[in-house]
Amino acid sequence: MSLRTPTLPLRPPREEDFTSRLHDERLAARLGSWLGICFTVCFVTGLLSHFIKAPPGWFVWPTRPVSLYRVTQGLHVLSGTAAVPLLLAKLYTVYPKLFAWPPISGVLNALERLSLLVLVSSAFFQLITGLMNVAHWYAWGFGFPRVHYAMAWIAIGSIVVHVGVKLPIIRRGLRAPLEGPSADYPIEDEVTDGVSRRTFFRATGLASFAVLLATAGASVPFLRRISGLAVRDGDGPQGLPINVSAFQARVTQTAIAPDWALHVTGPRGTRAFGLAELQAMPQHTYSLPIACVEGWSASAVWTGVRVRDLVAAVGGSREADVRFESLQRGHASRLPALHARDDLSLVALRLHGEVLDLDHGYPARLIAPSRPGELQTKWLAAMKVL
Ligand SMILES: Nc1nc2c(c(=O)[nH]1)N[C@H]1C(S)=C(S)[C@@H](COP(=O)(O)O)O[C@H]1N2
Ligand SMILES: [Mo]
């Protein structure tokens, strides 16, 4: 029981007015550490995804294991999702600092408070736009990947500054037990009612774990049945989710045109391969995942012609990247040479033994190991050896 008299001061609240024992460095340091882990995983995996899609000269993304991108992008979405309860809890423990008096006590203090503003807003921005993207809710007028990428640097930069500034406090907070007096925190709290720090910390951990379980099914197959909130499940034609249908891509006519052909261009010129011709070439069958940037992924069995056989048919080199163009206007992708010459990279004609569904890219689509879903171009029209 608190004996404090609840008289309201006739002034705006100040930091000292928030007396809950949850507003505490020991708790903030622990929540902050977990948040730091989530943001670091999220940043690194996000950076990888960005590099795969726009590779700098020195960057080589391996072709094995075939599920590598599935894992890194799954981690990206999961670490971002788990960070939401942690961020809210962390802000709750420290929000009285908003009311510190005097608000600014010097130039350094002003800079530090400004960096916190940047930190909190960029962290929220990243988590919210990321989740909106996962939910296919493009409510903004800007290009999501570019802005999410630029903001990631701002977020991670302000985290580094924040950790640097607070390091002594963080170390002191982590060294001491959450409850009870210790060397650095000799006086036991006067306030003993309300939730304890340990309970709050555990409840936050539980909340993070719960949202993880609820969404992880999108990437982790055996969790699919318990993930009520997973954004994509196994539904879709041929047991595989789809992102953009043939109708949305406006290819329903061109994809079924009887004179459809895949135009392959290389040093020896351009050759048109009709569907029957592709079917007459050596066919290969592999199990490869589609791993969407949004975090959902699913394995499927694909059958088709090796990319490298088509490259060889037009005299293309094993060292060349290959550009894949879709019947869908403006949609194309670039397959690096390492992937283009890989046994497992296919121009797929069949899925699970059946002719490709129109929504999965009929008559032919690219499928290659360890690639982001959005680069697995559907409704192929042309292949260009670069
Ligand atoms: N032409 C074209 N290919 C495309 C897309 C697209 O919109 N147009 N979407 C990509 C994305 S984002 C993903 S995740 C995969 C999904 O493949 P699926 O619909 O067969 O599951 O296709 C990729 N190929
Ligand atoms: Mo995707």
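The values are calculated or read from the model by the stated rules, or taken from the named source; none is laboratory data. Note that the structure is predicted; figures quoted are calculated from it, not measured. FYI the Cβ positions are ideal-geometry reconstructions off the backbone, even for glycines, and counts take in every protein chain you see. We work out accessible area using only protein heavy atoms, side chains counted, and drop any ligands, DNA or RNA first. Shrake-Rupley method; radii C 1.70, N 1.55, O 1.52, S 1.80 Å.
Once you sort the root eigenvalues of the Cα gyration tensor of the stretch 252-364 as a ≥ b ≥ c, which label holds: rounded (a/c under 1.5), prolate (a/b larger than b/c) or oblate (the other case)? Verdict is rounded for the stretch 252-364. Ranked by the mean number of other Cβ atoms within 10 Å of their residues, highest first, the peptides 99-109, 20-30, 202-212 fall in the order 20-30, 202-212, 99-109. Sorting the segments 331-343, 47-59 by their mean number of nearby beta carbons within 10 angstrom, highest to lowest, gives 331-343, 47-59.
Counting other Cβ atoms within 10 Å of each Cβ, which GluC sites (Glu not before Pro) in the stretch 297-386 have at most 14 and sit in a DSSP loop? Counting only loop positions with at most 14 other Cβ atoms within 10 Å, the GluC sites (Glu not before Pro) in the stretch 297-386 are 319.
Listed values for the stretch 78-86 are Karplus-derived 3J(HN,Hα) couplings in whole Hz (6.51 cos²θ - 1.76 cosθ + 1.60, θ = phi - 60°), namely 5, 5, x, 5, 5, 6, 4, x, 5, and x replaces Gly and Pro. For the chain, the solvent-accessible area works out to 52 Å² per residue, with a probe of 1.4 Å and every protein chain left in place. Couplings for the stretch 204-216, taken from phi via the Karplus curve 6.51 cos²θ - 1.76 cosθ + 1.60 with θ = phi - 60°, read 5, x, 5, 4, 4, 5, 5, 5, 4, 4, 5, 10, 5 Hz in order; Gly and Pro are left as x.
Surface listing: 285, 19 arranged by accessible area from highest to lowest gives 285, 19, probe 1.4 Å. Using the alpha carbons alone, the radius of gyration of the chain stands to its Kirkwood radius in an Rg to Rh ratio of 1.11. Amide H to amide H, with H built 1.01 Å from N, residue 262 comes under 5 Å of 273, 274, counting only residues 5 or more places away or on other chains.
Cα centroids of the stretch 349-372 and the stretch 80-153: 40 Å apart. What angle, in degrees between 0 and 90 and rounded to the nearest 10, separates the Cα long axis of helix 25-53 from the longest principal axis of the Cα atoms of the chain? Tilt relative to the chain: about 20 degrees. Averaged over residues, the count of other Cβ atoms within 10 Å places the peptides 286-299, 248-261 in the sequence 286-299, 248-261, highest first. Within the chain, DSSP assigns beta bridges of which about 90% are antiparallel (rounded to the nearest 5). Protein heavy-atom surface of the stretch 14-57, 1.4 angstrom probe: 63% of the accessible area is carbon and sulfur, with nucleic acids and ligands not counted.
Extents of the stretch 47-141, taken as max minus min of Cα coordinates on every principal axis and listed largest first, are 57, 31, 29 Å. Extending 7 Å from Cα along the Cβ direction at residue 165 and again at residue 88 yields two label points whose distance is 2.6 nm. So if we plug the beta-carbon distance of residue 51 and residue 118 into 1/(1 + (r/R0)^6) with R0 = 35 Å, what FRET efficiency do we get, rounded to 0.05? With a Förster radius of 35 Å, E is 0.90. Report in % the part of the accessible area of the stretch 113-186 that belongs to carbon and sulfur, leaving out ligands and nucleic acids; probe 1.4 Å. For the stretch 113-186, the apolar C and S fraction of the accessible surface comes to 74 percent.
Listed by chain and number, the aspartates and glutamates whose C-alpha is less than 12 Å from the C-alpha of residue 166, apart from same-chain residues fewer than 8 away, are 25, 112.
Here the stretch 286-353 has 46 percent of its accessible surface on carbon and sulfur atoms, given a 1.4 Å probe and all protein chains in place.
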